[in-house]
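Below you'll find the structure, written out as structure tokens, and then a few comments.
Every number here is computed from the coordinates shown, using simple stated rules; none is lab data. Please read all numbers here as calculations on a predicted model, not as lab measurements. Don't worry about glycine lacking a Cβ; one is built from the backbone with ideal geometry, like all the others, and counts go over all protein chains shown.
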Amino acid sequence: MQAVPSEFLAINRKERAHKPFFDLDLRPAEERVCDFNDVVIPFDEERARVEASRCIHCPDPAPCMLACPTHNDIPSAMWLIEQGQFTEAAQLYHQTSSLPEICGRVCPHEQLCQGSCVLNKTEEPVLTGQLEVFALDYEREHQPYTIPVAEPTGKKVAIVGAGPAGLACADQLIQRGHAVTIFDAKPAPGGLLVYGIPNFKLSKDVFFSKWAEMERAGVKFVGNTYIGKDKTVDDLFNEGFAAVFLGVGTGIDAPMEIPGEDLPGVYEATDFLIRGNVNAEILPKGKDGRPDIGKRVVVIGGGDTASDCLRTSLRLGAEEVTCLYRRTEKEMPGSAKDRKMAKEEGAKYRFLTQPVQFIAGEDGRLAAVECIEMELGEPDESGRRRPIPIEGSNFSVAADTAIKALGYWPDPVLGKTTPELETHKWGLVKVVDPGTGATTREGVYAGGDGVTGPDLVVTAMVAGRKSAWAIDAYLKSK
């Protein structure tokens, strides 16, 4: 840990704890809804130093560090930012995180580091996430980061999936001297960071700046290559790769299995977000650019993907955007912060509502969604109260477009095409050691959503790092 000067210890922590709090500055809703630019107004140097000075420097290990999946040394970073040592703070984040400029933007800080800040008990927490963003942005502008690379070992590692887990694994392997090639079914790297998260939450420029760092370090990318279809894991070993990491995520949209799902105007969330947010030059084959959504859009679901679809629809020009959710807002799994911004931007919510049928108009396109009212019963296996249909309460909601944001399933193709690789729960890769990501197939490791099911960017990133360390040890043992 970065040593805090002894004279600081004499400072009254209460004085720091009671410093004025100023929340994040957001662009006005009526302005930000007109484009896909960042919603948060960045800190300047003075604002960053003032906010960092609110940290009371809890005894080690601080609650914020323990709550961070990467265990970033947040108190030391706060001290460095307070002292104006912004690049040094950024370097501290690089020690424990492979994607700090990204996690600072997309992590649910209110549930992790920020949510664990002891100031929550009596005051407002330190805005740790935005301070991480500030430090990394400052570094990129003034002293761009270079990934340290070891002497080549002569060993090649293949990574399947260019999302957070795969990128983090590549970052750690390249630092240990191994040659790394990432394979992905999409034309460009990034996985959900590019093809899932909208620009107003994570700018593509931020990601591709990070990717440029990895390319300069020697990481190679092979796009439009679907491992399990275009070539297999066995093919990768036959091509000379000594180990394989599977960071494929869960990219199959969960179906509703109700009549009318195949109507024009009914979208899966993944397809909608790709077409609504990604530039034409990196669109996957078969995607036809921005969707024509009409005036009335309904989004079905209660997670962060639903919020992303609501806010994207508003930016694409929809006049009436409504979220349909079968429980109440209390049971919604998505970020309350994202829902608040969606409401500010004009999205409406209709709770205790379950779609049962998509209805076509005279032109054969979607015209309405038939729904039924719900009531809450006893808690189910998730701990949330079970939604129960109210017989005879059917009604219709007019809609030009409906987007299904119901969650994601794993792709079973790797399990079906890779001998000795065990999967479970409809295709999730089974790991025999969660600490290393080792699978049932020798030399094959896995991590991220393709192992755990849908989770956070930061947890996938941590899994990729751990597997990289295990792969390095495996290769040395060979």
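A few remarks follow.
- Near the amide H of Arg385, within less than 5 Å, lie the amide hydrogens of Asp380, all on another chain or at least 5 residues away, with H placed in the peptide plane.
- Base-10 log of normalised Debye intensity for the stretch 380-467 (one unit scatterer per alpha-carbon) at q = 0.10, 0.12, 0.16, 0.23 Å⁻¹: -0.43, -0.56, -0.76, -1.15
- From phi via Karplus (6.51, -1.76, 1.60), per-residue ³J(HN,Hα) for the stretch 392-400 in Hz, x at Gly/Pro: x, 9, 4, 7, 10, 10, 5, 7, 8
- Net charge, Ala185 excluded, C-beta distance under 9 Å - Lys, Arg +1, Asp, Glu -1: 0
- When only the Cβ of Lys, Arg, Asp and Glu is charged (+1, +1, -1, -1), the dipole of the stretch 254-408 relative to its Cα centre reaches about 560 debye.
- Set the Cα radius of gyration of the stretch 254-408 against 2.2 N^0.38 Å, with N its number of residues, and you get 1.02.
- Restricting the trypsin sites (Lys or Arg not before Pro) of the stretch 239-289 to loop positions (DSSP other than H, G, I, E, B) with no more than 10 neighbouring Cβ atoms within 10 Å leaves Lys285.
- Sequence-distant residues sharing a close amide H with Ala367 (under 5 Å, placed H): Ile359, Ala360, Gly361
- Helix runs (DSSP H) in the chain reaching 18 Å along axis by Cα, Kyte-Doolittle at least 0.5: 457-477
- Along its principal axes, the stretch 103-201 has C-alpha extents of 55, 30, 25 angstrom, given from the largest down.
- Amide proton proximity set for Thr153, modelled H, under 5 Å, gap of 5+: His178, Ala179
- Eigenvalues of the alpha-carbon gyration tensor of the stretch 6-142, scaled by 5 and square-rooted, set the equivalent ellipsoid semi-axes at 24, 17, 15 angstrom, largest first.
- Sparsely packed loop sites in the stretch 318-414 (the chymotrypsin sites (Phe, Trp or Tyr not before Pro) outside DSSP H, G, I, E and B with at most 14 other Cβ atoms within 10 Å) do not occur.
- The calculated 222 nm mean residue ellipticity attributable to helices in the chain amounts to -9500 deg cm²/dmol, summing -39500 (n - 2.57) over DSSP H runs of n ≥ 4 and dividing by all residues.
- Dipole magnitude (debye, nearest 20) for the chain, charges at Cβ of Lys, Arg, Asp, Glu: 640 debye
- Cross-link partners for Lys220 among the lysines, with Cα-Cα distance under 23 Å and sequence neighbours closer than 8 places in the same chain left out: Lys155, Lys156, Lys186, Lys204, Lys210, Lys229, Lys231, Lys285, Lys466, Lys476.
- In units of the compact-protein estimate 2.2 N^0.38 Å, the chain shows a Cα radius of gyration of 1.02.
- Of all DSSP beta bridges in the chain, antiparallel share, percent nearest 5: 45 percent
- The fewest-to-most ranking of Ile390, Ile81, Ile372 by surrounding Cβ atoms within 10 Å reads Ile390, Ile372, Ile81.
- For the stretch 162-241, the set of chymotrypsin sites (Phe, Trp or Tyr not before Pro) satisfying both a DSSP loop assignment and a count of at most 15 other C-beta atoms within 10 Å is given as Tyr226.
- Spin-label model, Ala336/Val149: points 7 Å from Cα along the beta carbon direction are separated by 4.7 nm.
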